[in-house]
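Below is one structure, written out as structure tokens, with a few remarks after it.
The values are calculated or read from the model by the stated rules, or taken from the named source; none is laboratory data. Computed from a predicted model, the values in this text were never measured in an experiment. All accessible areas refer to the heavy atoms of the entire protein, side chains included, with ligands and DNA or RNA removed. Shrake-Rupley method; radii C 1.70, N 1.55, O 1.52, S 1.80 Å.
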Amino acid sequence: MIRTGSAVWNGTIKDGSGSLTTPSGVLSSTPYSFKMRFEDETGRSGTNPEELIAAAHAGCFSMALSGQLTKAGFTPESLATSAAVTLEQKDGGFAITKVHLTLKAKVPGITEAQFQELAGAAKAGCPVSKVLNAEITLAATLAG
């Protein structure tokens, strides 16, 4: 299985801009720029690579945990995950150094220990976790 995405960039790093496109159409010439990425420009429809990585990681982890729970005989009512990606200057450039996953879950019949074990396994086993060269942390909360 191969998934693709494409980018077009025009101009200099600070004054230029680009667009991102995916075959699914979710991104269709979606704008991105230096200001959107490094200066938190708002008010304009667009994105940045780190925001996309955060969404991808949250989605991947949630699906991985659903799989872990299902294999263990549990049916999750909800798995709400957010991911915070840290981009820092490092070694003369920029690097994604950390991703913090925050999970709020409703899983009937599971103990806290079972939940934490399966959440940890999902964090380690998620394909997006495996591809990132960053510290990945998790705060998992099981709702009563």
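Note on region 16-120: with neighbouring protein chains present and a 1.4 Å probe, carbon and sulfur make up 52 percent of its accessible heavy-atom surface.
Counting only alpha carbon atoms, the long axis of helix 49-71 and the longest principal axis of the chain meet at about 20°.
Among Ala113, Ala124, Ala80, the residue with the largest mean-square fluctuation in a Gaussian network model of the chain, with springs joining Cα atoms closer than 10 Å, is Ala113. Principal-axis analysis of the Cα atoms of the chain puts helix 112-125 at an angle of about 40° to the longest axis. With the convex hull drawn around the C-alpha atoms of region 80-136, the volume per residue stands at 78 Å³. Measuring only protein heavy atoms, the 1.4 Å probe finds Asp15 accessible over about 140 Å².
Taking 1 over the mean of 1/r across every pair of different Cα atoms in the chain, what Kirkwood radius in Å do you get?
16.9
Helix-only arithmetic for the chain: the sum of -39500 (n - 2.57) across DSSP H runs with n ≥ 4, divided by the residue total, places the mean residue ellipticity at 222 nm at -10000 deg cm²/dmol. With both residues required to sit in the chain, DSSP beta bridges show an antiparallel share near 75%.
Among the listed pairs Lys35/Lys104; Lys14/Lys130; Lys71/Lys98; Lys71/Lys130; Lys71/Lys104; Lys104/Lys130, those whose Cα-Cα separation exceeds 25 Å are Lys35/Lys104; Lys14/Lys130; Lys71/Lys98. Taking 0.36 nm per residue of separation and subtracting the Cα-Cα distance, full extension of the segment from Lys104 to Asn133 would add 8.0 nm.
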